[in-house]
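Q: Following this message is one structure expressed as structure tokens.
Please treat every number below as a calculation from the coordinates, not as lab data. Note that the structure is predicted; figures quoted are calculated from it, not measured. For neighbour counting, all protein chains shown are included, and Cβ atoms are generated from backbone atoms with ideal geometry for every residue, glycine included.
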Amino acid sequence: MTGTDPTPSLGEPARLHLSRRCCVTLTIPLLAEPEALSPVRHRIGAYFELWDLPELAGTAQLCVSELLTNAITHIGPGTPVTLHASMAGPNPRLSLTDPVPDAMPALQRADDDAESGRGLALLDALTHRWGVDRGRHSKTVWCELRLEPPFGK
């Protein structure tokens, strides 16, 4: 990491530990605001680099953008949300929890000339799988990234 980034530099033993895909979780509480997109994308990209997954950093950043933008658009700006990135399972998992359990996202087909409406289609195309966990007072939209190439290179 460089300059003013508060993320600590990891020594070789810590890097080896992270590269084993152990139980590593990042939790970022934030407000669903357009101004939050760039800093959150940067932070997620940096953590995927630290987790020795640089090939997934761009995809993770795009997925986080779609999750947060979906919350801004359908839940409302200023809503408190929590972003999680986890290496606890076999695939990296990103999720966004918001306090509105009834506003369920749905995969739709956007018209060719539509300027929006492709967020979940992007998640569907770029990830291993995605879904929604609905709780009594919240919901979590999540996705798991593929560790292997998406089209069997």
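Q: Show me the ranking of peptides 69-77, 138-146, 41-49 by mean Cβ neighbours inside 10 Å, starting with the highest. Walk me through the intermediate numbers first.
A: Working: 69-77: 16.7, 138-146: 20.0, 41-49: 18.2.
Sorting 69-77, 138-146, 41-49 by mean packing, highest first, produces 138-146, 41-49, 69-77.
Q: Once phi is turned into θ = phi - 60°, what whole-Hz ³J(HN,Hα) does the Karplus curve with 6.51, -1.76 and 1.60 give for every residue of the range 94-103, x standing for Gly and Pro?
A: 10, 8, 10, 9, 10, x, 10, x, 8, 8
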